[in-house]
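Asks: Okay, handing you the structure first.
The values are calculated or read from the model by the stated rules, or taken from the named source; none is laboratory data. Because the structure is predicted, anything quoted here is derived from the model rather than measured. Cβ placement follows ideal geometry from the backbone for every residue including glycine, while neighbour counts extend to all protein chains displayed. These area figures cover heavy atoms from the full protein model, side chains too; ligands, DNA and RNA do not enter into them. Shrake-Rupley method; radii C 1.70, N 1.55, O 1.52, S 1.80 Å.
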Amino acid sequence: MIIAGCGPTGAMLAAELRLHDVRVLVLEKDTEPVSFVRIVGLHIRSLELMAMRGLLERILERGRQRPAGGFFAAINKPAPEDLDSAHAYLVGIPQPVIVHLLEEHATALGAQIRRGCAVTDFEQDDDGVTVVLADGEQLRTRYLVGCDGGRSTIRKLLGVGFPGEPSRSETLMGEMEVGAPQEEIAAKVAEISETHERFWLRPAGVGVYSVVVPAEGVSDRAKPPTLDDFRQRLRAVAGTDFGVHSPRWLSRFGDATRLAERYRVGRVLLAGDAAHIHPPIGGQGLNLGVQDAFNLGWKLAAQVRGWAPVTLLDTYQAERHPVAEDVLDNTRAQMALLSTDPGAQAVRRLLTELMDFDEVNRHLIEKITAIGVRYDFGAGPDLLGRRLRDIDLKQGHLYGLLRRGRGLLLDRTERLTVDGWSDRVDHLADRSAALDVPCVLLRPDGHVAWIGDDQQDLDDHLSRWFGEPAN
């Protein structure tokens, strides 16, 4: 298996494949890992997935934890106290750190990573894909996955359309030290924020602030921004540059929004930013890509290992494409709410009032953090197709039982069996499990694939998701 791109999505996908003993080679065009120290946020669902694979403690050691809330269009509302997760918080972590942790996880499981290897072409046939590198080397693989970012070479070579909207406005974002007194900053930000929603300075450590300011009039957008660019724009918008100095990282982003028409063509697939791009408002981009990897990994492994049902790999696009569509729509809405147009500001004020209603606030937070995702598995209880929270069991916590990337039957009747699928699905009989239903069958990504107590019905669903039983 070859993965093009070793960002968070590519590294996570490599690890998921290695859990099933699939040989994985990750090709990264850059010779060195990303060096700029941009802080990214891991939302609730991503934290749950990290807990499922035993990575959460290492992430918490290196990240900065803060309460969930204030995600939607930067409207500062706290999250409801009873969110349905044991990990109802946000973790801010430097991008190089999360990439390193995921690479380390993948290589510890046996994945190979080659840097300085750019894919320039490929050709697929019925048996596999021939991948051509920039130096002329050719490699053969069963499947190729493009995790190579918004300008994906794989997507372009594949000829997959990438419709959407080009960038119409740009924003500077960074972290830096600030010389002005805290009280002066707070007063000025409160004043400017009444008319400029794409403007803030927020504490990000002792003497350090996260700075966001519109980028209009700044130098060539193809070049990285400079500290002088930030000073210029801060003076233009706020009348002062707040004495900013000693930047930790500087970046710029636009509001381009695009979604690949297809996630799979034959033996070539797309994941992460190669499949979708959108403004970073709400902090969903990295999370969406990592969650793509969790959805795809076990399915692709099943295909390679030979036990996948005929339609299993097709469910990757069927499930993840609508999720990306929803993320693109909510980022469009959030960007509109940052406009200084009087109509947009009126809608923002109305939404701010509506978010005082607990269910409105809950709905938006569940949307941003992906714990509200429900895949369409057909008719059934509301829990069907949703992820199951990390409940307590007699053997510990549920997520601790999912570290091998296998399916799991959680059986409160203590009379069902997964005989015939025990090489792919674990079985835990536990009458004390904190469930409102008799039994659930979980996929390796933690989504509920079946609910019930009938063995024949269970067997049918085991075959649907995990193929024919072993002889």
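Asks: Efficiency by 1/(1 + (r/R0)^6): what FRET value for ASP392 and GLN65, r their Cβ-Cβ distance, R0 = 22 Å, to the nearest 0.05?
Replies: 0.50
Asks: Figure the gain on full extension for GLU216 and ASP436 (residue separation times 0.36 nm, minus the Cα-Cα span) and round it to one decimal in nm.
Replies: Length difference between fully extended and current span is 73.8 nm.
Asks: Sticking with this structure for a sec: What is the Cα centroid distance between the range 420-439 and the range 1-61, reported in whole angstrom?
Replies: About 28 Å separates the Cα centre of the range 420-439 from the one of the range 1-61.
Asks: For the range 347-359, in order, what is each residue's ³J(HN,Hα) by Karplus, 6.51 cos²θ - 1.76 cosθ + 1.60 with θ = phi - 60°, in whole Hz (x at glycine and Pro)?
Replies: 5, 4, 4, 5, 5, 4, 5, 4, 6, 6, 7, 4, 6
Asks: Can I ask one more? To the nearest 10 square angstrom, how much accessible area does ILE192 have with a 1.4 angstrom probe?
Replies: Number for this one is 20 Å².
Asks: Need the full-extension length gain, HIS245 to ARG464, defined as separation in residues times 0.36 nm minus the C-alpha distance. One decimal, nm.
Replies: Gain in length upon complete extension: 73.1 nm.
Asks: With +1 on each Lys and Arg Cβ and -1 on each Asp and Glu Cβ, and nothing else charged, work out how big the dipole of the range 6-71 is about its Cα centre, in Debye to the nearest 20.
Replies: Rounded to the nearest 20 debye, it is 200 debye.
Asks: Next question. Within the chain, what percent of beta bridges assigned by DSSP are antiparallel, to the nearest 5?
Replies: 75 percent
Asks: When the helices in the chain are scored as -39500 (n - 2.57) per DSSP H run of 4 or longer and the sum is shared across all residues, what 222 nm value do you end up with, to the nearest 500 deg cm²/dmol?
Replies: Rounded to the nearest 500, it is -10000 deg cm²/dmol.
Asks: In the range 1-97, what % of DSSP beta bridges are antiparallel (nearest 5)?
Replies: In the range 1-97, approximately 75 percent of DSSP beta bridges are antiparallel ones.
Asks: Show me, for the range 73-84, the HN-Hα J-couplings you get by feeding each phi into the Karplus relation (A = 6.51, B = -1.76, C = 1.60, θ = phi - 60°), rounded to Hz, glycine and proline as x.
Replies: 6, 6, 7, 7, 10, x, 6, x, 6, 10, 4, 7
Asks: Once you have the Cα-Cα distance between ALA346 and GLU194, take 0.36 nm times their residue separation minus that, and quote the gain in nm to one decimal.
Replies: Gain on extension, ALA346 to GLU194, equals 53.5 nm.
Asks: Using the crude model of +1 on Lys and Arg Cβ and -1 on Asp and Glu Cβ, and no other charge, please compute the dipole size for the range 227-383 relative to its Cα centre, in debye to 20.
Replies: Using only the charged Cβ atoms, the result is roughly 580 debye.
Asks: Moving to a separate point now. Angle, helix 455-466 long axis vs. longest principal axis of the chain, Cα atoms, 0 to 90°, nearest 10?
Replies: Once rounded, one gets 60 degrees.
Asks: With θ taken as phi - 60° and the coefficients 6.51, -1.76 and 1.60, list the Karplus ³J(HN,Hα) couplings across the range 298-308 in order, rounded to whole Hz; mark glycine and proline as x.
Replies: Running phi through 6.51 cos²θ - 1.76 cosθ + 1.60 with θ = phi - 60° gives 5, 6, 5, 4, 4, 5, 5, 6, x, 10, 5 Hz.
Asks: If you average the C-alpha positions of the range 73-128 and of the range 240-295 separately, how far apart do those two centres end up, in angstrom?
Replies: Comparing the Cα centres of the range 73-128 and the range 240-295, I get a distance of 11 Å.
Asks: Name the trypsin sites (Lys or Arg not before Pro) in the range 329-360 that are in a loop by DSSP and that have at most 15 other C-beta atoms within 10 Å, would you?
Replies: Taking the range 329-360 and a limit of 15 other Cβ atoms within 10 Å, no loop trypsin sites (Lys or Arg not before Pro) are found.
Asks: Using the heavy atoms of the protein chains alone and a 1.4 angstrom probe, what is the accessible area of the range 78-146 per residue in square angstrom?
Replies: With the other protein chains kept in place, the range 78-146 gives 47 Å² per residue.
Asks: Here is a follow-up. The range 329-395 to the range 149-222: how many Å between their Cα centroids?
Replies: 23 Å
Asks: A follow-up question, please. Hey, any idea what % of the chain's accessible area is carbon plus sulfur with a 1.4 Å probe?
Replies: 48 percent
Asks: I'd like to check one number: the per residue accessible area of the range 220-348, probe 1.4 Å, reported in Å² as a whole number.
Replies: Per residue, the range 220-348 has 37 Å² of solvent-accessible surface.
Asks: Students often forget the sequence filter, so: which aspartates and glutamates lie under 14 Å Cα-Cα from LYS223 once same-chain residues fewer than 8 apart are removed?
Replies: Filter leaves GLU170.
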